[in-house]
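Written out below as structure tokens is the structure these notes cover.
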Amino acid sequence: MKRTTLVTIINFTLGFYLLVWIYYAAFNWEVFSIKLNTNAGFSVIGGYPFAFFFLFGFAALLAVKYVVHLNKVYEDKTEKEQAHRIAIQEKDIELLKMKEVLFKMQTSEMSKNSSHLNALHEKLDSLSEQMSHENRPMEEKGEQEDKQDGA
């Protein structure tokens with residue numbers, strides 16, 4: 001809103017400036033077209049002072065309009081870059097959330113697998129203990145028979 005108001009004011013001022021000078025030149029052409037010799041201090045300069053001030057003022061207003069336009073272009077560029085940066089950061093946040101979910105899923109699966117593995121190890125340990133208890137009496141019987149055969 002602020003930029004639009006400023007551009008409107010500059011356009012209005014430029015139009016009003018042109019209108020006033022054209023009106024003045026149209027109805028006072030004799031004065032507008034007078035060539036005067038002006039002492040500048042270091043030399044005498046001959047020229048059309050009204051035409052000079054008209055062109056000088058017009059160039060100054062055009063320069064102001066150009067600077068405002070450049071400022072507007074720079075601000076638009078900055079806004080677009082910020083919007084782009086925000087969009088990229090939102091995508092990064094999305095990716096991080098997805099990674100977090102995947103990590104949680106992997107850790108939960110790993111903990112489940114770990115608990116299953118621990119349960120399997122316990123079963124294997126209990127089975128190996130049972131097998132070792134069952135094999136001991138047979139070994140003891142085999143040793144007693146060997147002693148009896150040897151005696």
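Taken together, the values in this text are just the output of simple stated rules run on the coordinates, not laboratory data. All values derive from a computational prediction rather than experimental measurement. All Cβ positions, glycine included, derive from the backbone under ideal geometry; neighbour counts span all protein chains shown.
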*From (1) within 58 Å of the chain's Cα centre (by Cα); (2) assigned to a helix (DSSP H, G or I), pick out the condition that doesn't hold for VAL31.*
(1)
*Kindly establish whether ALA87 is within 27 Å of THR5 (Cβ to Cβ), without any contact (Cβ under 8 Å) to a residue 24 or more places away in the chain and part of a helix (DSSP H, G or I).*
no
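Is it fair to say ALA25 is surrounded by 11 or more Cβ atoms within 10 Å (Cβ to Cβ) and assigned to a helix (DSSP H, G or I)?
Working: surrounded by 11 or more Cβ atoms within 10 Å (Cβ to Cβ): yes; assigned to a helix (DSSP H, G or I): yes.
It is true that ALA25 is surrounded by 11 or more Cβ atoms within 10 Å (Cβ to Cβ) and assigned to a helix (DSSP H, G or I).
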